[in-house]
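Peer 1: For reference, the structure I am asking about is given below.
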Amino acid sequence: MYDEHLKEIIHFTNTYSDLINCHIVDFITNNLWATCIPESLRSELERTEFNWINSMGNDDYPVLNNFINKAKSLSLQSCSVEINSKEFANVLPGINNCNKPVRKMEFINAKKSHEVECLGDIIGTVAKKMNNLVIDAGAGKAYLSTFLAENHNVPVLAIDSSQSCSNGAICRQKKLGRKLAFSPNLVRYVVEEINSGTDYEKMVNQNFPEWDIDRNLLLTGLHTCGSLTDSSIKTFLSTKDIRSLCIVPCCYHLTNETFDQRISFSKNARMLAQQSVERSTRNTFVPSSLFYRAILQVVFHSLGIYNARVGRGGPLHDFASYAQWAFSRIGMEIEKIPSRENLTNTFEFYAHLMKNFHIFQMLRVYLGIALEAAIMLDRIIFLQNSNQCSKVAILRLFDPMLSPRRYAVVAVK
């Protein structure tokens, strides 16, 4: 069943491969509006009365609505492999719903607090019920590890490749320990690069010599970056004493791997899979930085500058200031930078394209929800085909307005 869903997604995304794989900065220079959008869809979008919000569900725009409805039908929420936390008891019993109001935690911003509390309550409940020791892969500053120890009295092995993150985690834990009379012995830290060959059992034996390993390890990770997700899945399957897996992937663009070698996703496609349709549909404006960058590409090309990498952080109150900042970023000599007047005139010449630019980006965002589903289903199907798992699911966790990468891969042997 999931194979069929994945095949549908691949067919759909292949149909719109130009729209997916283009670079948004080339919107003007490469005339992406004309070259990447099918003519039948483009003709609807170019009607003078067209308004993105009012067109949703409007019978006057059948091609657009078919496109959006198809993308939604291929999303994770439309696939039965996806469950929410209320239904999670069917996968692992004894789990409470984590959709609570955000509670501010010590030394953590609201986004991270929400993520840690949601995932932490699930992991902590499972670990306590099953007498698990938790392995926190890619622990970073160990917010999740500390939460599990503080709130669920669960032993945690926190592993991260960064010594500075580990030092920061230890420092924070000491502060909390003094304030909360919290025992620091429940969380132990290891600084090591993680890959599919990592020997977690050896690490547990070294750091928790008193722990009797007997199929009672739980592997988790909050926003496991890039290839760490795939290596965690492989290690889960190859390590007999890791009984449960619950990881939340992120940074899809930092890996080119797929378990199914017959499919692949470009870096642009993976970047697009990280877009939040919930955030994008709520915002009715184009982020200035994106549109400014597309106009800046015109200026760059007029000066014979190609493949320039500008980055983020420029001033956004007007295009001329943004462009001058960008030229300084790429090391352009001051005397060669166009005048503010010329830069302003260039912006005004292309300003009328802002509406189409926004529509173009929204089309791509809707493709992103199908692409994310494909990336996640590739992992779920691999776990299913291993014939080692009694239960496999994708768990919907976080508020997408706070944390767009909200899905966890869950598996139990």
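The values are calculated or read from the model by the stated rules, or taken from the named source; none is laboratory data. Predicted, not measured: the structure shown is a model, and the values here were computed from it. Neighbour counts are summed over all protein chains in view; Cβ atoms, including those assigned to glycine, are modelled from backbone coordinates with ideal geometry. For accessibility, only protein heavy atoms count, side chains too; no ligands or nucleic acids. Shrake-Rupley method; radii C 1.70, N 1.55, O 1.52, S 1.80 Å.
Peer 1: Could you work out [θ]222 nm for the chain from helices alone, using -39500 (n - 2.57) per DSSP H run of at least four and dividing by all its residues? Round to the nearest 500 deg cm²/dmol.
Peer 2: Values: 17 runs with 196 residues, N = 413.
Computed ellipticity for the chain at 222 nm equals -14500 deg cm²/dmol.
Peer 1: Before I look further, what does segment 308-407 give for accessible area per residue, probe 1.4 Å, in whole square angstrom? Show your work: numbers first, answer last.
Peer 2: Working: 4550 Å² over 100 residues.
Result: 46 Å² per residue.
Peer 1: Another question about this same structure. Which one of Ser75, Leu397, Ile233 is farthest out on the positive end of the charge dipole of the chain, using unit charges on Cβ (Lys, Arg +1; Asp, Glu -1) and the Cα centre as origin?
Peer 2: Result: Leu397.
Peer 1: Let me ask something else. Kindly express, to the nearest 10 degrees and within the range 0 to 90, the angle between helix 319-329's C-alpha long axis and the longest C-alpha principal axis of the chain.
Peer 2: That works out to roughly 60 degrees.
Peer 1: For segment 209-224, take each phi angle, set θ = phi - 60°, evaluate the Karplus expression 6.51 cos²θ - 1.76 cosθ + 1.60, and give the result in whole Hz per residue in order, putting x for glycine and proline.
Peer 2: In residue order, the calculated couplings are x, 7, 7, 8, 6, 8, 6, 10, 9, 10, 9, 9, x, 9, 6, 5 Hz.
Peer 1: Right, another one. Given an 8 Å cut-off on Cα distances and at least 6 residues of separation, report the relative contact order of segment 235-345 as a percent.
Peer 2: Working: 53 pairs, mean separation 16.4, N = 111.
Computed over segment 235-345, the figure is 15 percent.
Peer 1: How big is the charge dipole of the chain about its Cα centre, in debye rounded to the nearest 20, if each Lys and Arg gets +1 on its Cβ and each Asp and Glu gets -1 on its Cβ?
Peer 2: 1140
Peer 1: Name the residues whose placed amide hydrogens come within less than 5 Å of the amide hydrogen of Lys391, ignoring near sequence neighbours (fewer than 5 apart) on the same chain.
Peer 2: Val412
Peer 1: Once phi is turned into θ = phi - 60°, what whole-Hz ³J(HN,Hα) does the Karplus curve with 6.51, -1.76 and 1.60 give for every residue of segment 45-58, x standing for Gly and Pro?
Peer 2: 5, 8, 4, 4, 8, 5, 9, 3, 5, 6, 7, 5, x, 7
Peer 1: Identify the trypsin sites (Lys or Arg not before Pro) of segment 183-272 meeting these criteria: DSSP loop state and at most 16 other C-beta atoms within 10 Å of the C-beta.
Peer 2: Loop-located and lightly packed - Arg215, Lys240, Arg262.
Peer 1: Take the cross-link list Lys234/Lys391; Lys129/Lys202; Lys111/Lys267; Lys7/Lys240 and give me the ones stretching past 20 Å between alpha-carbons.
Peer 2: Check vs 20 Å cut-off fails for Lys129/Lys202; Lys111/Lys267; Lys7/Lys240.
Peer 1: While we're looking at this one, here's another question. Averaged per residue, what accessible area in Å² does segment 198-245 show with a 1.4 Å probe, protein chains only? Present the calculation step by step, with values, prior to reporting the outcome.
Peer 2: On the way: 1800 Å² over 48 residues.
Result: 38 Å² of accessible area for each residue.
Peer 1: Ordered by residue, what ³J(HN,Hα) values in Hz, to whole numbers, does segment 387-399 give under the Karplus form 6.51 cos²θ - 1.76 cosθ + 1.60, where θ = phi - 60° and Gly and Pro are x?
Peer 2: Along segment 387-399, the couplings run 6, 10, 10, 7, 9, 9, 7, 10, 9, 7, 10, 9, 5 Hz.
Peer 1: Rounded to the nearest 10 Å², what accessible area does Cys246 show when all protein chains are kept and the probe is 1.4 Å?
Peer 2: 10
Peer 1: Between helix 354-385 and the chain, what is the angle of the helix's C-alpha long axis to the longest principal axis, kept within 0 to 90° and rounded to the nearest 10?
Peer 2: Once rounded, the angle reads 30 degrees.
Peer 1: So what is the relative contact order for the chain, in percent, with contacts set as C-alpha pairs under 8 Å and at least six apart?
Peer 2: It comes to 21 percent, rounded to a whole number.
Peer 1: Now, a different point. Rounding to the nearest 10 and keeping the result within 0 to 90°, find how far the Cα-based axis of helix 228-238 lies from the longest principal axis of the chain.
Peer 2: Once rounded, the angle reads 30 degrees.
Peer 1: Quick one: the Cα spread of the chain along its three principal axes, in angstroms, biggest first?
Peer 2: Largest first, the chain extends 71, 51, 39 Å along its Cα principal axes.
Peer 1: Turning to a different aspect of this structure: Please give the length that would be gained between Thr35 and Asn151 if that part of the chain were fully extended, namely 0.36 nm times their separation in residues minus their C-alpha to C-alpha distance (nm, one decimal). Before the final figure, lay out each step's value.
Peer 2: Numbers: separation 116, 0.36 × 116 = 41.76 nm, distance 5.44 nm.
Full extension from Thr35 to Asn151 adds 36.3 nm.
Peer 1: May I pose another question? Just flag the GluC sites (Glu not before Pro) in segment 238-339 sitting in loop per DSSP whose Cβ has no more than 16 other Cβ atoms within 10 Å.
Peer 2: Glu257, Glu333
Peer 1: Computing the accessible area with a 1.4 Å probe over protein heavy atoms, can you report the carbon and sulfur percentage for the chain?
Peer 2: The value for the chain is 48 percent carbon and sulfur by accessible area.
Peer 1: Between Asp60 and Thr258, what FRET efficiency comes out of the Förster formula 1/(1 + (r/R0)^6) with R0 = 56 Å and r the beta carbon distance, rounded to 0.05?
Peer 2: 0.90
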